[in-house]
Amino acid sequence: LRVCDLRANPTQKIGETVKLHGWVRTIRKQKTFSFLEVNDGSAVTGMQAVVDEQCEGVELVRGGSVGTGAAVVVEGTVVESPGGGQAVELRATRLQLVGGADPNTYPLQKKRHSFEFLRGISHLRPRTNTIGA
């Protein structure tokens, strides 16, 4: 499933089990769970995935293997989001790392980047909002 498909009719997908392939844009770690924003390039904004202690693969987040720029597959259930900013989120049941990215050297962050900067990392340009969408 693509992020744009989830964004098109979010409430119709509530309760469905989906598999989302994409790159981690941001990660916020809490004590008992973590929030991953996963984007596959089909929409400007990503889908928030909630990874808790029951999720298979949570050790990838806790150990630091999954960070900004990592390619992941997230399986889970679409649920109504209790927070603001999005109608639904993905309650992850399984997290798989497809390809890691060192967060200390990965050049793309959530902020905007100039075209000059993007010219130097042409292989990563499609992952940006400016070029990707």
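All of the numbers you see were taken from the coordinates with simple rules; none came from a lab. Bear in mind that the values here come from a model prediction, so they are computed numbers and not experimental data. Every residue, glycine among them, receives a Cβ derived from its backbone with ideal geometry; neighbour counts consider all protein chains shown.
How would the range 39-85 be classified by its alpha-carbon gyration tensor: rounded, prolate or oblate, with rounded meaning a/c under 1.5 and the a/b versus b/c comparison settling the rest?
Cα axes put the range 39-85 in the oblate bin.
Between the amide H of Val66 and those of Val61, distances stay under 5 Å, these residues lying 5 or more places away or on another chain, with hydrogens modeled in the peptide plane.
Farthest towards the positive end of the charge dipole of the range 1-47, among the residues Phe35, Thr17, Met47, is the Cα of Phe35, using unit charges on the Cβ of Lys, Arg, Asp and Glu.
Which distance in Å, rounded to a whole number, links the C-alpha centroids of the range 17-34 and the range 40-78? Here the answer is 3 Å between Cα centres.
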